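Taking it in order: structure first as structure tokens, then the write-up.
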Amino acid sequence: GKSFMHSLYFVVVTTTTVGYGDVTPHTTAGRLLAVLLIVVNIAFLTTMATVLAEALQAKAQEHAETLEKMARQSAEASRSFRQLDSFLSGIAEEDEVQLWRSIGKRLAIFVLYVLLGSMVFYCLEDDWDAVACLYFSVVTVSSVGYGDMVLGNTASRGFGMMFATVGIFGTVAL
């Protein structure tokens with residue numbers, strides 16, 4: 001087995017998408033673990049963005065409550081503020097549902113794109129099994145790029161250029 005520091009190094013290099021290439025998985029189990037780590041990291045980063053958005057929303061709510069206290073000085077202003085607050089609360093709840101739907105759709109698009117690429121690489125690369133193709137596809141579109149696997153023929157390189165370009169820009173756009 002490898003040391004804890006060796007394993008931690010691999011996880012950090014993978015999750016930051018640096019992918020130096022000096023430590024890479026070579027077994028089927030290791031490659032599946034790398035795929036899982038990368039996909040979970042994408043979900044984690046999406047979740048962290050959601051948490052950040054919720055924290056900003058909470059801060060906005062605090063400011064709204066302060067404004068509401070100030071607005072109580074006038075009955076007319078208070079009634080108007082409650083109407084606005086009710087309206088904004090409805091929008092916030094709708095936005096949260098839409099956010100989770102959007103995350104689900106984006107993850108589904110990512111998975112479908114990776115599976116499509118994996119199938120094409122499986123057809124183009126004679127020496128790669130299905131897990132190697134999945135691993136290569138995820139490593140490519142996540143921009144980790146370990147460099148431990150290379151495309152072995154003109155057809156796979158041609159597809160790989162298109163797959164990497166669309167995949168990386170697509171992942172960023174998601």
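Just so you know, all these numbers are worked out from the coordinates, no wet-lab data involved. If you're wondering where the values come from, they're calculated on a predicted model, not measured in any experiment.
A few notes on this one:
- Couplings 3J(HN,Hα) of region 105-121, computed from phi: 5, 5, 5, 5, 4, 4, 4, 4, 4, 5, 5, 4, x, 4, 5, 5, 4 Hz, in residue order, whole Hz [Karplus 6.51 cos²θ - 1.76 cosθ + 1.60, θ = phi - 60°; x for Gly and Pro].
- Under the Karplus curve 6.51 cos²θ - 1.76 cosθ + 1.60, θ = phi - 60°, whole-Hz ³J(HN,Hα) for region 46-58, x wherever Gly or Pro sits: 5, 5, 4, 5, 5, 4, 4, 4, 5, 5, 5, 5, 5
- Intensity falloff of region 101-174 expressed as log10 I(q)/I(0), Debye formula with alpha-carbon point scatterers, at q = 0.11, 0.17, 0.21, 0.26 Å⁻¹: -0.25, -0.58, -0.86, -1.25
- Label assignment, Cα extents along the principal axes in Å derived from the structure, set (1) 51, 34, 26; (2) 144, 35, 23; (3) 76, 37, 21: (3)
- Helix-only mean residue ellipticity at 222 nm for the chain, each DSSP H run of n ≥ 4 adding -39500 (n - 2.57), per residue, nearest 500: -28500 deg cm²/dmol
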